[in-house]
1. Select from segment 66-84 the residues that are closer than 19 Å to CYS14 by Cβ and surrounded by 12 or more Cβ atoms within 10 Å (Cβ to Cβ) and list them in ascending order.
2. Which of the residues spanning segment 23-60 are within 21 Å of ALA86 (Cβ to Cβ) and in contact with a Cys (Cβ under 9 Å, 6 or more places away or on another chain)?
3. Quick check: anything in segment 24-41 surrounded by 13 or more Cβ atoms within 10 Å (Cβ to Cβ), of a type outside the set (Gly, Ala, Ser), over 21 Å from the mean Cα position of the chain (by Cα) and within 28 Å of VAL106 (Cα to Cα)?
4. Do we find that ASN2 is under 15 Å from the mean Cα position of the chain (by Cα), at pLDDT below 90 and polar (S, T, N, Q) in this structure?
5. Go through segment 116-125 residue by residue and tally those that are at pLDDT below 80 and surrounded by 10 or more Cβ atoms within 10 Å (Cβ to Cβ).
6. Here is a check on your reading of the model: is TYR48 over 16 Å from the mean Cα position of the chain (by Cα) and either surrounded by fewer than 16 Cβ atoms within 10 Å (Cβ to Cβ) or at pLDDT below 90 (or both)?
7. Among the strands (runs of 3 or more DSSP E) contained in segment 1-118, which hold 3 or more residues that are in contact (Cβ under 8 Å) with a residue 12 or more places away in the chain and within 21 Å of ASN157 (Cβ to Cβ)?
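The values are calculated or read from the model by the stated rules, or taken from the named source; none is laboratory data. What you are looking at is a predicted structure, and each value in this text was computed from that prediction instead of being measured. FYI the Cβ positions are ideal-geometry reconstructions off the backbone, even for glycines, and counts take in every protein chain you see.
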Amino acid sequence: MNNPWNVVYTRSRCEKKVAALLTKRGIENYCPLNRVVKQWADRCKLVYEPLFSSYVFVRQEGESLFKVKQATSDIVNFVYWLGKPAIINDIEISNIKDFLNSYNNVKLEKKEIHVSDHVRIINGPLKDRDASITAVDNNKVKMLVPSLGYMMIAETNIYNVEIIGSSFKAQKLVS
């Protein structure tokens, strides 16, 4: 079985350099590159920019993670989640590769969850239930889940919900 992918955090604008150095040292890595058409006054050019700013994915045995970090001074640290190096599975890496092969000018967008947003739970025991957010702190959300005439309050990881409606509506400016 293949080892999981980890994520290293690089110095700013050093993603491609880090990937090249890791490859040179025989360390499997992936730096997702986005095809972007840049317009200058005199020409247009297709350039490849890192999709994730300051991130490079690496696959290495757990005890060899130190070897990865020592490969170059441009690696700041591993990205940690809950006190352990973050793990990305092969399916997610494959999905990123497929998406980048299919589309140009990909943009990443963080979705913020606000109190009173209406969400659908996408993972866990309450999967596919709708709820209203009552509190957001760090990576946890508290929500009201209507069920059998009662309002249950549940707490879950922020990544287990998707926004289906928001209480924040654009207001028309009157001049």
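1. Taking segment 66-84 first, the residues closer than 19 Å to CYS14 by Cβ are 67-79.
LYS67, VAL68, LYS69, ALA71, THR72, ASP74, ILE75, VAL76, PHE78, VAL79 - these are the residues of segment 66-84 that are closer than 19 Å to CYS14 by Cβ and surrounded by 12 or more Cβ atoms within 10 Å (Cβ to Cβ).
2. Those that are within 21 Å of ALA86 (Cβ to Cβ) and in contact with a Cys (Cβ under 9 Å, 6 or more places away or on another chain): PRO50, LEU51, PHE52, SER54, TYR55, VAL56, PHE57.
3. yes
4. In short, no.
5. First pass over segment 116-125, keeping only residues at pLDDT below 80: 123-125.
From what's left, surrounded by 10 or more Cβ atoms within 10 Å (Cβ to Cβ): 123-124.
The number of residues fulfilling the criteria is 2.
6. In short, yes.
7. On the way: elements: 5-10, 28-30, 33-39, 44-50, 55-59, 75-78.
Filter on segment 1-118 gives 5-10.
To keep it simple, each residue is scored yes or no on (1) over 23 Å from LEU51 (Cα atoms); (2) in contact with a Lys or Arg (Cβ under 6 Å, 6 or more places away or on another chain); (3) modelled with pLDDT of 80 or more.
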site: ASN104; (1), (2), (3): no, yes, yes
site: LEU108; (1), (2), (3): no, no, no
site: LYS127; (1), (2), (3): yes, no, no
site: THR134; (1), (2), (3): yes, yes, yes
site: LYS140; (1), (2), (3): yes, no, no
site: LEU144; (1), (2), (3): yes, no, no
site: TYR159; (1), (2), (3): no, no, no
